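See below for the structure under consideration.
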Amino acid sequence: MKPVIVVHGGAGRIFKDREEGARSGVTTAALKGYSILKQGGSALDAVEEAVTSMEDDPHFNAGCGSVLNEKGEVEMDAIIMDGKNLASGAVSAVKCIANPIKLARLVMEKTEHMLLTDHGAKLFAKAMGVPEIPGEKLITERSRERWSKNLEPDSNPQEFKKDPGTVGAVAIDNEGNVACATSTGGLTNKLVGRVGDSACIGSGGYADNHVGATSTTGHGESMMKVVLARLILYHMEQGTPQGKPACHQHRC
Ligand code: ASP
């Protein structure tokens, strides 16, 4: 089977001054993931590598570059899923780690659970030897600026909800296995402890060798209403014709 990887760097508007950086970030991520697939590596390794690359790139709302919550802190969500056996791992509201997607994979592979959050995820990261980094290292000047702008009395709350840059990848390897990975800082000025779609199986992503794989981006609360990632696969399974996207049918 010919391997394929598809990556995304979030929904929403990309400002002109960030276009080039964002384009080069997704290209680099796709190439890194593809080089794993080309050498016979797994879809799971490829999506993890691609998403890690975008978490390390400050152009995206994931890892370094994540948007800030109402208190001006970074809290991140991530999920990874293996289409071969429906195994998945996720973390939510995690702080002070560089690559939430790697921690999500450790949850999948080293625990009997699927999702660890906040303090529990922090303890787990420590137990796994994942280095803790100062939260400040994940904060860019731009996200700080955006955060303080959104605290101004005349800011438009709808506008910051559209902040782009969540990252994700889906892949199929030469054995026909599929996988997905998604990582995000969530929504700007979100409440402390808010968990979005990206950490939730079936909303932020889904992978099933019998159907395909999805990684979603957009307004989490809307997508969670319809469990969008799994819903898309349902429509693929049913053979819903192109041109009738599942989310339109469900008004999200
Ligand atoms: N889905 C993400 C969230 O709501 C945000 C995004 O994709 O832009 O946390």
> Out of the residues in the stretch 197-223 that are surrounded by fewer than 19 Cβ atoms within 10 Å (Cβ to Cβ) and assigned to a helix (DSSP H, G or I), which is nearest to the ligand (Cβ to nearest atom)?
Replying inline: E221
> Is it fair to say K71 is open to solvent by 30 Å² or more (accessible area, probe 1.4 Å) and over 24 Å from K190 (Cα atoms)?
Replying inline: no
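Residue-wise test of (1) open to solvent by 30 Å² or more (accessible area, probe 1.4 Å); (2) modelled with pLDDT under 95; (3) more than 16 Å from the ligand (Cβ to nearest atom).
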position: A93; (1), (2), (3): no, no, no
position: T111; (1), (2), (3): yes, no, yes
position: P134; (1), (2), (3): yes, no, yes
position: E141; (1), (2), (3): yes, yes, yes
position: E145; (1), (2), (3): yes, yes, yes
position: P157; (1), (2), (3): yes, yes, no
position: G165; (1), (2), (3): no, yes, no
position: E175; (1), (2), (3): yes, no, yes
position: V178; (1), (2), (3): no, no, yes
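Considering only the stretch 57-68, state which residues are under 16 Å from A169 (Cβ atoms) and open to solvent by 10 Å² or more (accessible area, probe 1.4 Å).
Selection gives D57, H59.
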> Inside the stretch 33-56, can you point out the residues that are open to solvent by 20 Å² or more (accessible area, probe 1.4 Å) and in contact with a strand residue (DSSP E or B) (Cβ under 9 Å, 6 or more places away or on another chain)?
Replying inline: Y34, I36, S42, D45, E48, E49
> Can you tell me which residue in the stretch 1-24 is surrounded by the most Cβ atoms within 10 Å (Cβ to Cβ), limited to those that are within 15 Å of the ligand (Cβ to nearest atom) and over 18 Å from I80 (Cα atoms)?
Replying inline: A22
>> Condition first: more than 21 Å from the chain's Cα centre (by Cα) and part of a helix (DSSP H, G or I). Now tell me which residues in the stretch 128-156 satisfy that.
In response: E141, E145, S148, K149, N150, L151
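The values are calculated or read from the model by the stated rules, or taken from the named source; none is laboratory data. Treat the numbers as computed from the prediction; the structure is a model and nothing was measured. All Cβ positions, even for glycine, are placed from backbone atoms using ideal geometry, and neighbour counts span all protein chains on display. Each accessible area value is taken on the protein alone, full model and side chains, heavy atoms only, with ligands, DNA and RNA left out. Shrake-Rupley method; radii C 1.70, N 1.55, O 1.52, S 1.80 Å.
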